[in-house]
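First the structure, in the form of structure tokens, and then the observations on it.
The values are calculated or read from the model by the stated rules, or taken from the named source; none is laboratory data. Not measured: the values here are computed from a predicted model. Neighbour counts run over all protein chains shown; Cβ positions are idealised from the backbone, glycine included. All accessible areas refer to the heavy atoms of the entire protein, side chains included, with ligands and DNA or RNA removed. Shrake-Rupley method; radii C 1.70, N 1.55, O 1.52, S 1.80 Å.
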Amino acid sequence: MMLILQLKKRIEILEAQVQQLLNAQTQAAQLPAPTKEKKPSFVKPTVKEIFDYACEKLSNDDALKFTEKFHAHYEANGWKVGRNQMKDWKAAVRKWDLTTFVTTNQQTKIKNGKFDSDAAQRIYNDAHNYTKG
């Protein structure tokens, strides 16, 4: 008799555990599935945005030339890098060789085949004073 009571009690405990598991599964099924956050898709920059970003690295005249070429190039290619859609246009700007667009003081940068650091400092000072005024 004692054994039967123990078995009944054990069966009740197991049934309660099964019921708890079923309730947990039902609640999990009712929760919305977790969604992956989508990264914002690429938005083409305006010419002004490109120009403003280029002005951080080049003089206004050089930045204007660069902006025209950069914008025309990627407009013609559908804002793609190779076969892939562009993800970050600022990274593409940084990748371009900006030295080809520098036209100011080209002769003073190199002296006797060596880089003239004094000329570089003068160019920096001129650009710094230009942006202040």
statement: Set Lys38/Lys69; Lys36/Lys87; Lys44/Lys69; Lys36/Lys80; Lys39/Lys69; Lys38/Lys80, cut-off 22 Å on Cα-Cα distance; pairs above it are Lys38/Lys69; Lys36/Lys80; Lys39/Lys69
query: Each residue of the stretch 82-91 in order: what ³J(HN,Hα) in whole Hz does its phi give by Karplus 6.51 cos²θ - 1.76 cosθ + 1.60, θ = phi - 60°, with x for Gly and Pro?
result: x, 9, 9, 5, 5, 9, 9, 5, 5, 5
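Only sites in a loop by DSSP and with at most 13 other Cβ atoms within 10 Å count here; which trypsin sites (Lys or Arg not before Pro) in the stretch 1-58 make the cut?
On the way: sites: Lys8, Lys9, Arg10, Lys36, Lys38, Lys48, Lys57; in loops: Lys36, Lys38, Lys57.
Passing sites in the stretch 1-58 are Lys36, Lys38.
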task: Search the structure for amide H atoms under 5 Å from the amide H of Val81, placed 1.01 Å from N in the peptide plane, and list their residues when 5 or more places away or on another chain.
output: Met86
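Within the stretch 1-98, report the GluC sites (Glu not before Pro) that DSSP leaves as loop and that have at most 12 other Cβ atoms within 10 Å. Intermediate results must be reported in sequence, preceding the final value.
Working: sites: Glu12, Glu15, Glu37, Glu49, Glu56, Glu68, Glu75; in loops: Glu37, Glu56.
Passing both the DSSP loop test and the Cβ count: Glu37, Glu56.
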message: Using a probe radius of 1.4 Å on heavy atoms only, what accessible surface per residue do you get for the stretch 1-46? Whole Å² is fine.
response: 107
